[in-house]
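Written out below as structure tokens is the structure these notes cover.
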Amino acid sequence: MPKHEQRPAASPAPDREESHRVVIIGAGVGGSVTAFRLARAGIDNVVLERGRRWPITPEGGTFPRIPSLDRRLLWLQGRAPRPGPRWLAHLIEAAGADALFRSTGLLDVLVTKRFSVVCGAGVGGGTLVYGGILPQPRADVFRRVFPAEIDYDELDRTYYPRARRRLMGTAFPDDLLAHPRYRSNRLWRDALEHSGLATEQVVSTYDFDVVRAELDGTATPSVTAGQYFFTGCDSGAKLSVDRTYLARAEQTGRTSVRPLHNVLDIARRRDGRYVVTAERLDTAGTPQERVALTCDRLVVAAGGVHTPRLLVTARDTGALPDLDAAVGRQWGTNGDQLPIIRTDDEPTGAPQAGPPNLLARNGDGDMLVTHGGLPLPFETKLMLCAGVGVSDRFGHWSYSTAESRARLTWDPDNDTTARRAVTDLLRPIAAHLPSGAKTVNPTAAYPLILHPLGGAAIGKATDAYGRLHGYRGLYCLDSALMPGSTAAANPVLTIAAIVERCLDHLIDEFAD
Ligand SMILES: Cc1cc2nc3c(=O)[nH]c(=O)nc-3n(C[C@H](O)[C@H](O)[C@H](O)COP(=O)(O)OP(=O)(O)OC[C@H]3O[C@@H](n4cnc5c(N)ncnc54)[C@H](O)[C@@H]3O)c2cc1C
């Protein structure tokens, strides 16, 4: 049978069908920017999101708190993740904690023997659990990583400022540092001042008035108790995209968000319309019904794991056979590192407050490091840092017919340079902390990847505006569009800026 006539594996008939102009898969960064831009242009759109809503309430308690075990923490795995490191499986079994993996929780973890990849699940996507920091990459590093048709100067002039404004980025206000909860941020600031490194005030998506309210006892302690990274802020201090871009889209009445709708597959009909099959879940993750949504324009924005997974599966099972061979390739980690500074005798405070206040870059601009508070209620004499760099090589997604699923191949050696660069960058900082500070990097032995990027790289799998080659009306507008890296900067600002840029160009064809 010729390639384009192959049929996807037969799936059960849907319980219900719907027809729409535009369907967007994923209510994270890319999906929310897209929904907002379309809604503002008067174009109706439906956003399918597998996870739940996480509404902030005055009573608090919206999010699971780290490190307590809570069923709301992890996205459905059906069972404890395997294969994974053996110790993890043993620990989970010993704790009788398998049930933790059967809920529509906040963190989706892809566990393999050699690394894990973490993404957010829920309306707001990765921004529900992200650190909220929005650095802009340096021009020279950006030009090294991105194709020439993506003009840095244009992004710098128009799209970075616009994305920063719409994401509600704010520079860290220095008055907070006087509070005892910010002891580790003060240590960080003092060490950076003496290190001679180039530093910048961090811009992040927090409402700092709410942070001040946390400190004066009128809001639930969240970001000031280290509860902001890997989880959300009960106080509402963190402005995830469901509260910025997506809220504005929904206010227009043109965007309809469907939480707990897990997309199973995508395909194209003979008449050129797309069919998205989704199962509606209850919060325990039990399927309630199967819905088929047909549409003229389909935007895949399921993030750096699930967009490549959906696209590679669609191409290699024959549902979308004309997708380019570049789909699945150039998948990278943004050179992610999570090193820790041990300050030995110097207390770092407990709990430590976030978010990060200052960032430092190395001279080449290809490693950026920040420090933000740890969510532990006791003194640790530790400072958690986060480094982002540029990978040496990339991984890829491919479809395994034997296992009937897409698989990720990535080698930790791909990030050797980033691992060295983060240690080199932290050395002069640790040297200016009170005596005896040492850096350890647990993610060198077992990478924990927070920034999955690529798999539908701009200018390769798509044109310069996110149109997937091979199909009209099919787009990738999220982290999968990044070329495996956002040039030594945390990715959200660049994802939002590039999706804004794509949509300036594409908006008319959504309206056609
Ligand atoms: C712990 C942590 C901290 C981070 N800190 C920062 C930071 O400080 N700054 C920064 O810039 N970046 C940070 N990131 C990375 C950032 O969150 C991601 O790069 C960003 O969210 C990716 O945007 P996206 O639109 O591609 O995908 P996402 O925001 O992940 O959105 C994708 C959405 O699609 C949904 N989805 C997936 N599959 C399906 C399906 N089959 N059906 C329906 N819906 C589906 C997901 O549930 C999700 O809501 C952090 C990430 C993590 C995990």
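Data for the structure
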| quantity | calculated |
| --- | --- |
| Assigned charges on the beta-carbon of Lys, Arg, Asp, Glu; the chain dipole about Cα centre (debye) | 840 |
| Within the chain, percent of DSSP bridges classed antiparallel, to nearest 5 | 70 |
| Distance between modelled label sites at SER398 and ALA445, nm, 7 Å Cα→Cβ extension | 3.1 |
| Derived scalar couplings ³J(HN,Hα) [the stretch 196-212; Karplus, 6.51 cos²θ - 1.76 cosθ + 1.60; whole Hz; x for Gly, Pro] | x, 7, 6, 10, 9, 5, 7, 9, 9, 9, 10, 8, 6, 5, 5, 4, 4 |
| Angle in degrees between helix 416-431 and the longest Cα principal axis of the chain, rounded to the nearest 10 | 30 |
| Potential extension, ARG165-ALA139 segment - 0.36 nm per residue separation minus Cα distance | 7.4 nm |
| Residue-by-residue Karplus 3J(HN,Hα) for the stretch 223-236, coefficients 6.51, -1.76, 1.60, Hz, glycine and proline x | 4, 7, 10, x, 8, 8, 10, 6, 8, x, 9, 4, 6, x |
| log10 of Debye I(q)/I(0), alpha-carbon scatterers only, for the stretch 415-512 at 0.12, 0.14, 0.19 Å⁻¹ | -0.55, -0.66, -0.92 |
| Only Lys, Arg (+1) and Asp, Glu (-1) charged, at Cβ; the stretch 107-171 dipole about Cα centre in debye | 220 |
| Ordering of 200-208, 391-399, 174-182 by burial proxy (mean other Cβ atoms within 10 Å per residue, highest first) | 200-208, 391-399, 174-182 |
| Accessible area of the stretch 446-512 divided out per residue, in Å², using a probe of 1.4 angstrom | 22 |
| Contact order normalised by residue count of the chain, Cα under 8 Å, 6+ apart, percent | 23 |
| Residues with amide H under 5 Å from that of GLU18, placed H, sequence gap 5 or more | ALA292, LEU293, THR294 |
| Cut-off under 5 Å, modelled amide H: who pairs with TRP75 long-range | GLY105, LEU106, LEU107, ASP108, VAL109 |
| Alpha-carbon radius of gyration plus Dmax, which is the widest Cα pair, for the stretch 162-316 in Å | 21.5, 65 |
| FRET efficiency, PHE378 to ASP174 (Cβ-Cβ, R0 45 Å, nearest 0.05) | 0.95 |
| Portion, in percent, of the accessible area of the stretch 435-510 that falls on carbon or sulfur, probe 1.4 Å | 55 |
| Relative compactness, the stretch 292-382, computed as alpha-carbon Rg over 2.2 N^0.38 Å | 1.76 |
| Rounded to the nearest 10 Å², the accessible area of THR401 at probe 1.4 Å | 110 |
| The chain - mean residue ellipticity at 222 nm from DSSP helices (-39,500 (n - 2.57) per run, n ≥ 4, rounded to 500) | -7000 deg cm²/dmol |
| The stretch 323-391 and the stretch 247-321: distance between their alpha carbon centers, rounded to Å | 33 |
| Distant-in-sequence amide H partners of GLN227 (H built 1.01 Å from N, under 5 Å) | none |
| Relative contact order (%) - the stretch 267-386, alpha-carbon pairs under 8 angstrom, separation at least six | 18 |
| Of all accessible heavy-atom area on the stretch 340-411, the percent that carbon and sulfur account for (1.4 Å) | 50 |
| Table column - 3J(HN,Hα) (Hz), the stretch 121-138, Karplus curve with 6.51, -1.76, 1.60, x for Gly and Pro | 10, x, 6, x, x, x, 6, 5, 10, 7, x, x, 8, 10, x, 9, x, 6 |
| Student exercise, the stretch 313-372 dipole from Lys, Arg, Asp, Glu Cβ charges, in Debye to nearest 20 | 140 |
| Residue-span extension gain [THR252 to ASP209] - 0.36 nm each, minus C-alpha spacing | 12.8 nm |
| Solvent-accessible surface ranking, highest first, for PHE378, PHE146 at 1.4 angstrom | PHE378, PHE146 |
| Alpha-carbon Rg/Rh ratio, for the chain, with Rh computed the Kirkwood way | 0.95 |
| Positive-end extreme of charge dipole, the stretch 312-419 - chosen from THR317, VAL390, THR416 (charges on Cβ) | THR317 |
| With every protein chain in place, the stretch 122-263: carbon and sulfur % of accessible area (1.4 Å) | 47 |
| Spin-label pair GLU509/LYS438, simplified geometry with 7 Å Cα→Cβ offset, distance in nm | 5.7 |
| Gain in span if fully extended, ASP322 to ARG270, counting 0.36 nm per residue against the direct Cα distance | 17.4 nm |
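The values are calculated or read from the model by the stated rules, or taken from the named source; none is laboratory data. Keep in mind that what you see is a predicted model, and the values were worked out from it rather than measured. Don't worry about glycine lacking a Cβ; one is built from the backbone with ideal geometry, like all the others, and counts go over all protein chains shown. Only protein heavy atoms, including side chains, enter the accessible area calculation; ligands, DNA and RNA are left aside. Shrake-Rupley method; radii C 1.70, N 1.55, O 1.52, S 1.80 Å.
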